[in-house]
Amino acid sequence: MSNAISNEPEIVYDKQGNPHEVVDFNNDYEGAKLGFWLFIFTEIMIFGAMFLVFGFYLFQFSQDFMDASNELNRLLGGINTFILLISALTMGLSLVKLRNNQVNESKKYIWITIILATIFLTIKYFEWSHEIHLGIYPGSPTLNAMEHGTKLFFGLYFTMTGLHGLHIIIGIGVMFWVLALIHSGKVNSTDFVVLENTALYWDLVHLVWVFVFPIFYLIY
Amino acid sequence: MSNVHKSFYDQTHTVFGHHKNKILQWIFSIDHKRIALLYLFVMFSFFAVAVMVALVMRLELFSPGQDFIDPNTYNQAFTLHGVIMIFLFIVPGIPAVLGNFLLPLQLGARDVSFPKLNLLSWWLYMIGAVLAVTSLFIGDGFADTGWTFYAPYSIKTGTNVIWALSAAFILGFASILTGINFVATIHRLRAPGMTFFKMPLFVWGLYSTSWIQILATPVVGISLIMVVLERTFGIGIFDPTKGGDPVLLEHMFWIYSHPAVYLMILPAFGIASEIVPTFCRKPIFGYHAIAISSAMIAGVGYLVWGHHMYTSGESEMIKLIFSALTFFVAVPTGVKFFDWIATMYKASIDFKTPMLWTIGTFVTFIIGGLTGLIVASVGVDVYLHDTYFVVAHFHYAILGGVVFLMFAGMHYWFPKITGKMYNEKHASRAFYVIFVGFNLLWFPMFIAGMLGMPRRYFDYLPEFEIWHKIATFGSWVFALGLIYMFTTLYRGWKYGEKAGPNPWNATTLEWQIPSPPQLENFGEIPYVDYMPYEYEKGEPVHRLDLSVKEKKTHE
């Protein structure tokens, strides 16, 4: 991309001679935010489709789903919900700090968010390995011998929490990238849209969990 | 900058570094015009492959019984044909090639909102394409499920379904990113003064299409991923032996794939709306109606998917609702046709090749569209479902609608893209050859379908032979016409005369700059406070010279 972008905004004049600014596609804060919001829409449609499938089978196999839900560890799920809630706060704080030009504070909050996200994944790992230890995973002989509804419940459980976990992992990767950008000064107190969009993404990841948690853990 | 006009063929921005190598300069270019041409060449290579596969299938069907390929290969052939034509050719088709090239030009912008993302889309498209092609050569070969991947067969078959599904997912992702890019561009980068209702109608088509890409593609993406998980882990969601419901997959597939049909046709309609006023030398009739009807088709198109499943087990009530909603799509489509014909009324029409293609499309698409209403009626469809009637219907709509209009657009913007002009005589003859071949190829299938010829069958009863013979003969004429057309375009590109900035006397912004356009398109951005397609006494009202001027360079 051209490095010699003039700092003067480009102006065009209408017939009455009034000036109008031309939006510079290389440096368009609103455009970057709009684009990311559109991406969030696609994410909502992806998870929305999964919730639709869940709802469809929940009505078909209500009793099986409720029984299977009882198998899950509500305490660990609850702790994870709390952790993500806090991490959304720290993510937001890092944005506030960056806008106030407190770069080191901002980086510190991103690190805290990364650590919280890692704790979330660790707890998730223990939950999954507990189920797998009991022989409950998609395609396992134990699970295949169970009721249809139980199979579908755990099929959806692993798919949806897996997809959500994948988003967490991607989020951690993005946060490291943002840290590097802040470190090199490319993201700073005047040009912070990358961090703002990361925070937006993290809010989405957190919000999805807010819906995933009750439909799997709390329907008993 | 010197007075010699440098086009985007001579200089470019790349995503990183400065490359000496010409190929690297192309595949890492973030200029929307170059990315459009990258798409163009890859897409038409795949188009050629899919056409050849189709020709082999038609050849096999020339006479009853097994002649050239065995039944399993035939199943893979129609799947390959469908997957390439849908996911690699026609879904990205007009937006990725003509849309990429023209959207910033028509808006008065220097590029799309996210040029790097635009390049990433092309790379994702290439990865998807390579995945699909690779699966041809390993294991049991390409998927044999048909491009719809219906469960439970897609879960059970031994062919490389996972490869095809992953390819479709990645291609869908590329399509989503293009959609995001276009919506952001249209919202942010319109030239000052250009309100939504001063945009060219091709942009309106792209706008509606992009929203479908953003909102519908994720649904099919996750459904395809669930089929992949079904095959790898057995999560049971679409597997009836585990309580899953295969029809649910059909629903989720068509929630995307029916809007995808409108995703294909809306920018094509946009092309028609550009060409008709230009060659009638008249302002378009009902500008607002055409713009709004695009959005209406996109909106209503979301709610009609159930008409693909009349025979898969739906309640009677839902069948009626889907049928009624499907009929409703014909209303905004009819509005568009009315407006185009009203524009042509009493105009002195210039029957240049782009206009010929457009008028040819009006004939074929009317047939494709109206037979769509026939198969949307519940009672009739139960009889016609999965017959050649349906095959003929969607080929009339997609090939005779979308692809024909794409060809129209390629001829129309050819001088803008290449700076040269093709040979008018040969180009119009190529149209007539293709038009005749097309109707010979597909019309007999309506009749064969009504008589009961089922689709996707490798063999047929003797009474259908005559229709298959005519269709296969038509396929040869059609293929010859395609060769003729592409040769004409290629010769035009190599040896054609210089076209000049505005050979058609058209009005939109892309015709106000040199052909081919320079890097970053506009020397100066205009203030646009007038409607597109303003003609007075057959001449464009506004003539601007927006090319690069001294001291105005943006580099």
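Every read-out reported here was derived from the displayed coordinates using simple, explicitly stated rules and does not represent laboratory data. Not measured: the values here are computed from a predicted model. All Cβ positions, glycine included, derive from the backbone under ideal geometry; neighbour counts span all protein chains shown.
Worth a mention:
- Choice from A:165, A:139, A:55 with maximal GNM fluctuation in chain A (Cα, 10 Å cutoff): A:139
- A straight line joining the Cα centroids of region A:186-213 and region A:24-50 runs 12 Å.
- Phi-based couplings in Hz for region A:205-211 (Karplus 6.51, -1.76, 1.60; Gly and Pro marked x): 4, 5, 5, 4, 4, 4, 8
- Ordering A:180, B:411, A:149 by the projection of their Cα atoms onto the charge dipole of the protein assembly as shown, which places +1 on the Cβ of Lys and Arg and -1 on the Cβ of Asp and Glu, puts B:411 at the extreme positive end.
- Phi to ³J(HN,Hα) by Karplus 6.51 cos²θ - 1.76 cosθ + 1.60 over region A:109-120, Hz, x for Gly, Pro: 5, 5, 4, 4, 4, 4, 5, 4, 4, 5, 4, 4
- Neighbouring Cβ atoms from other chains, within 10 Å of the Cβ of residues in B:213-222, number 5 on average.
- Among A:89, A:207, A:134, the residue with the largest mean-square fluctuation in a Gaussian network model of chain A, with springs joining Cα atoms closer than 10 Å, is A:134.
- For region A:18-60, the list of GluC sites (Glu not before Pro) that fall in a loop by DSSP and count at most 16 other C-beta atoms within 10 angstrom is empty.
- Per-residue [θ]222 nm for chain B (sum of -39500 (n - 2.57) over DSSP H runs n ≥ 4, rounded to 500): -20500 deg cm²/dmol
- Mean Cβ count within 10 Å, highest first, over the residues of peptides A:175-182, A:193-200, B:248-255: B:248-255, A:193-200, A:175-182
- Listed residues B:255, B:372, B:434: farthest to the positive end of the dipole of chain B (Cβ charges): B:434
- Pairwise centroid distance, computed over Cα atoms, of region B:324-354 with region B:401-434, Å: 20 Å
- Remark: mean inter-chain Cβ contacts per residue of A:141-149 equal 2, using a 10 Å Cβ-Cβ cutoff to other protein chain atoms.
- Peptide ranges B:405-415, A:64-74 listed from the most packed, as the mean C-beta count within 10 angstrom indicates: B:405-415, A:64-74
- Charge dipole (debye, nearest 20) of the protein assembly as shown; +1 at Cβ of Lys and Arg, -1 at Cβ of Asp and Glu: 1740 debye
- Amide H contacts of residue A:137 (H built 1.01 Å from N, under 5 Å, at least 5 apart or other chain): A:143
- Cleavage-rule hits (trypsin sites (Lys or Arg not before Pro)) in region B:444-539: DSSP loop, at most 10 neighbouring Cβ within 10 angstrom: B:537
- From least to most packed, judged by other beta carbons within 10 angstrom and beginning with the fewest, A:87, B:7 follow the order B:7, A:87.
- In a simple Cβ point-charge model (Lys, Arg +1; Asp, Glu -1; nothing else charged), region B:283-442 has a dipole of about 700 debye relative to its Cα centre.
- By average C-beta atoms within 10 angstrom, highest first, the peptides A:100-111, B:442-453: B:442-453, A:100-111
- Long-range amide H partners of residue B:28 with built H, under 5 Å: none
- Proximal lysines relative to residue A:124, as straight alpha-carbon distance under 23 Å, when same-chain residues fewer than 8 apart are discounted: A:151
- Only helical runs count toward this figure. For chain A, summing -39,500 (n - 2.57) over DSSP H runs of n ≥ 4 and dividing by all residues gives -26000 deg cm²/dmol at 222 nm.
- Net charge, residue B:76 excluded, C-beta distance under 13 Å - Lys, Arg +1, Asp, Glu -1: -3
- Net charge over other residues, Cβ less than 11 angstrom from the Cβ of residue A:96 (K, R count +1; D, E count -1): 0
- Set B:156/B:319; B:33/B:425; A:186/B:20; B:6/B:420 screened for pairs whose C-alpha atoms are more than 21 Å apart: B:156/B:319; B:33/B:425; A:186/B:20
- Between the amide H of residue B:420 and those of B:499, distances stay under 5 Å, these residues lying 5 or more places away or on another chain, with hydrogens modeled in the peptide plane.
- Trypsin sites (Lys or Arg not before Pro) lying in DSSP loop within region B:300-391, provided at most 10 other Cβ fall within 10 Å: B:346
- Here the Karplus relation 6.51 cos²θ - 1.76 cosθ + 1.60, evaluated at θ = phi - 60°, turns the backbone of region A:44-61 into coupling constants of 5, 5, 5, 5, x, 4, 5, 4, 4, 4, 4, x, 4, 7, 4, 6, 6, 10 Hz, with x for every Gly and Pro.
- Dipole of the protein assembly as shown, positive direction: furthest Cα of A:47, B:50, B:18, with charges on the beta-carbon: B:18
- Counting Cβ atoms of other protein chains within 10 Å of each residue's Cβ and taking the mean over peptide A:33-46 gives 6.
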